[in-house]
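Here the structure comes first, spelled out in structure tokens, and everything after it is commentary.
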Amino acid sequence: MALDFMTDDPAGLLDLFNERIEQKEEKGKIKTWVRSADKEYYTHKSDEWGKAAWFKPIIKDDRLTFNIIKPKNKNVSTVAYGYYHGHLTETFLNHFDTEFTAATSTAFPTSKDMVRKK
């Protein structure tokens, strides 16, 4: 799934997301997403959904795009695909609604998404 957040400052929007994930203060902290050890990917933090998929951000001129990436040796299920899509959109609406103008997503994987074992 490609999930796009339309914005004049995609790098700044990603920076805000990272800051809110890693901040120490509880107020405004994003508690449901975590970054990978290499800081390149994001996954959900819950016991049920954690590591069911990963998101890789891509900064473009007018948008911040998140592509979905499968875990090692496992496919991304349709349910996980939908959950990750919906929850990331919800997170951005709850925390950054003034930082983007629209969010769009694809119903099916794009060429940059990796959802199945090869």
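Side notes on the structure shown:
- Evaluation of residue 55 against the conditions (1) at positive phi; (2) without any contact (Cβ under 8 Å) to a residue 60 or more places away in the chain shows that the sole unmet condition is (1).
- Residue in region 40-50 that is touching a strand residue (DSSP E or B) at 6+ places or on another chain (Cβ under 7 Å), polar (S, T, N, Q) and either on the phi > 0 side of the Ramachandran plot or assigned to a helix (DSSP H, G or I) (or both) present: no
- Counting residues in region 69-76 that are buried (at least 19 other Cβ atoms within 10 Å of the Cβ), touching a residue at least 60 places away in the same chain (Cβ under 8 Å) and of a type outside the set (Lys, Arg) gives zero.
- Taken as a whole, the structure leaves residue 91 outside the set of residues that are assigned to a strand (DSSP E or B), within 12 Å of the chain's Cα centre (by Cα) and hydroxyl-bearing (Ser, Thr, Tyr).
- Selection within region 40-60: residues that are in contact with a helix residue (DSSP H, G or I) (Cβ under 8 Å, 6 or more places away or on another chain) and of a type outside the set (Phe, Trp, Tyr). The member of this set that is surrounded by the most Cβ atoms within 10 Å (Cβ to Cβ) is 53.
- Counting the residues of region 45-85 that are basic (Lys, Arg) and within 28 Å of residue 101 (Cα to Cα) gives 4.
- Hits in region 1-28 - residues which are closer than 16 Å to residue 87 by Cβ and loosely packed, with under 14 Cβ neighbours inside 10 Å: none
- Residues that are of a type outside the set (A, V, I, L, M, F, W, C), out of contact with any Ser or Thr (no Cβ under 8 Å at 6 or more places or on another chain) and surrounded by 12 or more Cβ atoms within 10 Å (Cβ to Cβ), drawn from region 77-89: 77, 81, 82, 83, 84, 86
- Checking each residue in region 73-99 for being in contact with a Lys or Arg (Cβ under 8 Å, 6 or more places away or on another chain) and closer than 17 Å to residue 12 by Cβ picks out only 95.
The numbers here are math on the coordinates, done by the rules we state, and not lab data. Keep in mind that this is a model prediction, so the values were computed, not measured. We place every Cβ from the backbone using ideal geometry, glycine too, and count neighbours over all the protein chains shown.
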